[in-house]
Amino acid sequence: MRDLELTGKTEPLRRETELRQVMVHLRRNRAAMAGLVVLAIFLFCAVFAPLLTPYDPTGTDLSRALEKPSGEHLLGTDELGRDVFARILYGSRISLAIGLISVAIGMLIGVPLGAISGYYGGKFDLFMQRIIDILIAFPGILLAIVIVAILGTGVGNVMIAVGIASIPIYTRLVRGSVLSVKEEGYVAAAKALGLGDLRIIVRHIMPNCMGPIIVQSTFQIATAILWAAGLGFLGLGAQPPDPEWGAMLSKGRHYIRVAHHLTTYPGLAILLLVLGFNLLGDGLRDALDPKSRNSR
Amino acid sequence: MRKYLFVLLALALAVGVFAYGCAPPEPEPEPDPDEVVDVEQDLVVAIGAEPENLDPLKMMSAPAATVAEHMVENLIYLDVDGEMQPALAESWEAAEDGMSWYLYLREGVQFHDGTPFNAEAVKYNLDRFLGVDDPDSAAVFAFLLGEVSEVEVVDEYTVQIHLENPFAPIVSHLSHSFIGMHSPDSLEALDEDEFAEAPVGTGPFTFASWDRGNEIVMERNDDYWGEVPQLDSVTFKFVPEGSSRVIMLETGEVHAIMAVPPTDIDRLEGEPEIDVVHQTSVRVLYLGFNMEEEVFEDVRVRQALNYAVDKNAIIDTLFQGVGEPSTAPIVPAIFGYKQVGPYEYDQDRARELLEEAGYGDGLEVELYHPTGRYPQDDTVVEAVQAMLAEVGVDARLTTYDWGTYLDTVIVTPDEAEHDIYMLGWGTVTLDADYGLYALFHSTQWPPYGNNVSYYADDEVDALLDEARITPERDVREDLYHQIIEILWEDAPWIFLHDEGQVNAVRSNVEGLIHHPLENLSAWDAWIE
């Protein structure tokens, strides 16, 4: 027990150096930094949207419909005279929220399931993995569509649907990591010391699985945002008048011949945000992997 | 090494795809000037919504009528100018007492399945429509023949229609597309749930196929009793999105489209290969209240919402000026019309009325609407949503495609989930009875009627009943004026606009009929 407490004390120090190493490495990766900057900008826009534009994202002005971008309306107006720039700014709130919350849902359910499944193995694992097989057999977006069809449309239900659709990814990932980590000597040591399973999983196994989970989550947020935009495009996501990017694309495509700015800019917003998460994810993967870190 | 190989492969693939895309099209064989070039006479038309059904008992919409009238004919045909023309009935006359009508049928006509068309067939069709054997199985539109007591076969080619009262609009009602004459054999099969989608009529085209969600194909009827069409086939494709219809027209995938999106009108008018056709319509568009909902029992709330909507802005912006704000529950071209509106746009008045009614703090409503059925339907609803929000009414939108939508809103009050619904109504008989009786008489509640607002007013009922059976035209007209005044004050709808039709046709297509009833008819058409 004394030994354990000792490691407990030294852990923060070790972690700090680990974190520092990761940060140093990440900072050297230009692409990842670019991604981080893009994300920071979007986050800033989402938080301070009301300060960045005087317009109400749902306020219509039919007399000024379908105006081209101008000094007054930076990115023009849509078919109901709403300011496209304002809608994109406020839309980033919806997209970021969907991305983060749905991934949190997926993680909260998927990670424990994977950990238990991998740690105990046996029949539970077999049973669990078959269920996951079934879920994986559906393409994620299709599964999300099915779930939204059951739950009904709306931003909240999209979060739940995309969250559920990303459970199997986490379960598989964590199970794999746990399977390899649980064979390590220190786990055997902990077991020999008579520690409870829960404690072993939470304190000794999970910290060593965090790398892949963080990397996967970064990519998964990007995927979730894309799926949500897809659902919005199909009319299953955010409902009018919410300024959701996918829904904006869907409405805007009717006017693509006369007012391309209705599709171009929401499309660019989706592209940039997803790209940002993906670049960051790439960088994190390299930074969190000791092998690739040492090789440079 | 493997990486380079991969890059090389990817490059090769990209170049290949690009080269394929750029390859010059196969040179077309030079047309031989001596040879008469036969253009394929297969016409394709894109419309927004799919017929919900082609069984006369279940037909409910103009798209269904548009398709059906190519295969199934009526006794009487209402032409583009609003005149009654002989179709399967060569002539008709009222009995002296006005209590019955004689129809003299065209001789020598056969249904597509070879069954002869005669008085028995007419009786069979009308009896089925009325639900004579089983009132529960009457057509949704059975009210069209509401005053008919009996259909009598006088001889092989004469039918006498007996009335309970001297029912003034009977002749125009017989021209309604939903009272088409089907082969009795096919109807029997239909009632046993066979051939549910293959109408067998006497029309210039015969049914070929129906690919649900995609298209209906009809072929020329070479044995047609009238002038046989020049077209080999007519196909109606269902394309809910206006912009997609336009692109299909421009690429030549289809020859004609209905309901051009307003933003495309100017551009299409500039294209030499395409003719844009403007036509009036007999349709009004409205947002009806579910008056069984407590909040809409209060006339002040209903009026408030009428004041809250800027109809002019909708017409000017979303329709580029095509159409007019509604001035009555029916359009001006209809017999019985009286101008009583429009409700002016007055947000202060709307807020005041809501305040008086006890909804000063706002109000939440469920608004159901179709998409692809009416021009700009979903955009109009979004505009209205924003306008209502300004007076404190929070409208939540629910969108359905046409077929699902009808099933969702044409239901009994108990089953209704909507507070407000969007529908349009074309008074296709050009007589106010059809526009007002069907939508406001208390006997016409769904599921067997079209009074989707569940409107019930004793005075209106009495006036509608009286107007139906009054033979004198000016007295009838006056009755309808009274009804319209009451309805306007009572505001069972948010009165939106009178539609205008804009269709577009490739310029090598001639002879299409663009009907004010919102039908596009191809029997006289050909492709040059």
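Read the figures in this text as sums done on the coordinates, not as results from a lab. What you are looking at is a predicted structure, and each value in this text was computed from that prediction instead of being measured. All Cβ positions, even for glycine, are placed from backbone atoms using ideal geometry, and neighbour counts span all protein chains on display.
Brief remarks on what is shown
- Cα shape, the stretch B:72-187, gyration tensor, a/c 1.5 rule: rounded
- Each other residue within a Cβ distance under 10 Å of A:Asp83 adds +1 if Lys or Arg and -1 if Asp or Glu, for a net charge of -2.
- Normalised by the number of residues in the stretch B:283-498, the mean separation of alpha-carbon contacts (under 8 Å, six or more apart) gives a relative contact order of 34 percent.
- Based on Cα contacts under 8 Å between residues 6+ apart, chain B shows a relative contact order of 19 percent.
- Across peptide B:310-316, the average count of Cβ atoms from other chains found within 10 Å of a residue's Cβ is 2.
- With all pairs of separate Cα atoms included, the protein assembly as shown yields a Kirkwood hydrodynamic radius of 31.0 Å.
- Percent breakdown of C-alpha pair distances by 5 Å bin, ordered from the shortest bin, for the stretch B:283-498: 1, 7, 15, 20, 21, 18, 11, 5, 1, 0, 0
- Its Kirkwood hydrodynamic radius, worked out from the mean inverse distance over all distinct Cα pairs, puts the stretch A:161-268 at 17.0 Å.
- Shielding of B:155-162 by partner chains, average beta-carbon count, 10 Å: 0
- Working note: Karplus 6.51/-1.76/1.60 with θ = phi - 60° gives the stretch A:246-255 the couplings x, 5, 4, 4, 4, 5, x, 5, 5, 10 Hz, where Gly and Pro are set to x.
- Dimensions of the stretch A:36-138 from C-alpha coordinates, computed as largest minus smallest value along each principal axis and given longest first, are 67, 27, 19 Å.
- FRET efficiency for B:Asp316 and B:Asp211, using Cβ-Cβ distance with R0 set to 35 Å, rounded to 0.05: 0.35
- Given A:Lys123/A:Lys182; A:Lys123/A:Lys291; A:Lys68/B:Lys311; A:Lys68/A:Lys251; A:Lys251/B:Lys58; B:Lys123/B:Lys237, the pairs whose alpha carbons are separated by over 28 Å: A:Lys123/A:Lys291; A:Lys251/B:Lys58; B:Lys123/B:Lys237
- The 3J(HN,Hα) values that the Karplus relation (6.51, -1.76, 1.60; θ = phi - 60°) gives for the stretch A:85-96 are, in residue order, 4, 4, 5, 5, 4, 5, x, 5, 4, 5, 5, 5 Hz. Gly and Pro appear as x.
- Footprinting exposure proxy for B:Thr280, B:Thr317, A:Thr17 (fewest neighbouring C-beta atoms within 10 Å first): A:Thr17, B:Thr280, B:Thr317
- Exercise: per-residue mean of other protein chain Cβ atoms within 10 Å, B:377-383: 4
- Other residues lying with their Cβ under 9 Å from the Cβ of B:Gln501 contribute a combined charge of -1, Lys and Arg counting +1, Asp and Glu -1.
- With the highest mean first, a sort of the peptides B:73-84, B:287-298, A:211-222 on other beta-carbon atoms found within 10 angstrom per residue produces A:211-222, B:287-298, B:73-84.
- The protein assembly as shown - share of DSSP beta bridges that are antiparallel (%, nearest 5): 75 percent
- Between the stretch B:203-224 and the stretch B:364-416, the alpha-carbon center distance in angstrom: 33 Å
- Whole-number percent relative contact order across the stretch B:72-204, with pairs defined as alpha carbons under 8 Å at least 6 apart: 31 percent
- Under 5 Å between amide hydrogens, built in the peptide plane, is the criterion, and for A:Leu236 it picks out nothing among residues at least 5 positions away or on other chains.
- Environment charge at B:Leu126 (Cβ cut-off 14 Å; Lys +1, Arg +1, Asp -1, Glu -1): -4
- Under 5 Å from the amide H of B:Met60 lie the amide H atoms of B:Glu52, B:Asn53, each residue being 5 or more positions distant or on a separate chain, with H modelled from the backbone and absent for Pro and chain starts.
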